[in-house]
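Working notes for the structure below.
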Amino acid sequence: MSCALIVSTSEKGKSFFADLIKTVGISNIVTVGNGSEARRILNRTEFDLVVINAPLSDEFGHELSISISKNYNTGVLLVVKNDIADAISSKVEDYGVFVIEKPLNRQFVYKSIKYICISRKKYLGLQSENERLKVKISEIRLIDRAKCILIEYLNMSEPQAHRYIEKQAMDLRVTKKEIAENILKTYEM
């Protein structure tokens, strides 16, 4: 993680969270005082972590946390008073927002931030794997379409069509996907 945004009306809150975030290893920290400033900066900069110290001067903060979680790929920590923590948590937890309650325990906040960082890293890994698998599935579909063309136009069996595509790829030192694309260009109009 490399960049964090702290949204807090109080300077004391900004400084408390900035110090804690630095101990996690995030050195690039931006602080703002209200929700509208946060929205503006989020449109220009990508953050790995956003900490919202509610209430803010222009809104409470739970709407902001939901908006960030829905629209940006970032970990969100919402800090609220302990008497309303459960009510707020039930509103935001389905969006992946972590809620902790005031008064704050420094060690608990540190562990919460670490947990968000770890969860986000795991999420990004899964997202990357998902994209890789989507590309692979698309290649398989393309190759299968090319096999169907070979079966239809050249009366090959499925194993023959498969072997033909593999052999062409090896002989021409290109991918099976490229061979499949060439077959489709040749036979499809």
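Coordinate-derived values only; no laboratory data. Small disclaimer: the values here were computed from a predicted structure and weren't measured. Positions of Cβ are generated from backbone atoms using ideal geometry, with glycine treated the same way; all protein chains shown enter the neighbour counts.
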Within 10 Å of each residue's Cβ, count the other Cβ atoms and sort 49, 154, 104 from fewest upward.
-> 154, 104, 49
Overall Cα dimensions of segment 132-187, principal axis frame, Å, largest first = 33, 21, 21
Stretch gain in nm, segment residue 163-residue 39, where the contour uses 0.36 nm per residue and the Cα spacing is subtracted | 39.1 nm
May I ask you to derive the FRET efficiency for residue 128 and residue 10 from their Cβ-Cβ distance with R0 = 35 Å, giving the value to the nearest 0.05?
-> 0.40
Quick one: helix 176-187 against the long Cα principal axis of the chain, what's the angle to the nearest 10°, folded into 0 to 90?
-> 60
So which aspartates and glutamates pass the test for residue 12, namely a Cα distance under 20 Å, with those fewer than 8 places away in the same chain ruled out?
-> 37, 58, 59, 101
Nearest 10, in degrees from 0 to 90: the angle of helix 106-154 to the longest Cα principal axis of the chain is 20
Among 109, 142, 62, the residue whose Cα sits farthest towards the positive end of the charge dipole of segment 48-162, when +1 is placed on the Cβ of each Lys and Arg and -1 on the Cβ of each Asp and Glu, is 109
When only C-alpha pairs under 8 Å and at least 6 residues apart count, what is the relative contact order of segment 132-187, in percent?
-> 41
In sequence order, what are the phi-derived ³J(HN,Hα) couplings for segment 41-55 according to the Karplus relation 6.51 cos²θ - 1.76 cosθ + 1.60 with θ = phi - 60°, rounded to whole Hz, with x for glycine and proline?
-> 6, 5, 6, 9, 10, 9, 10, 8, 9, 10, 10, 10, 9, 7, x
Measure nothing but the geometry: give the 0 to 90° angle between the long axis through the Cα atoms of 62-71 and the longest principal axis through the Cα atoms of the chain, rounded to 10°.
-> 20
According to a simple spin-label model (label point 7 Å from Cα along Cα-to-Cβ), what is the distance in nm between residue 71 and residue 91?
-> 1.8
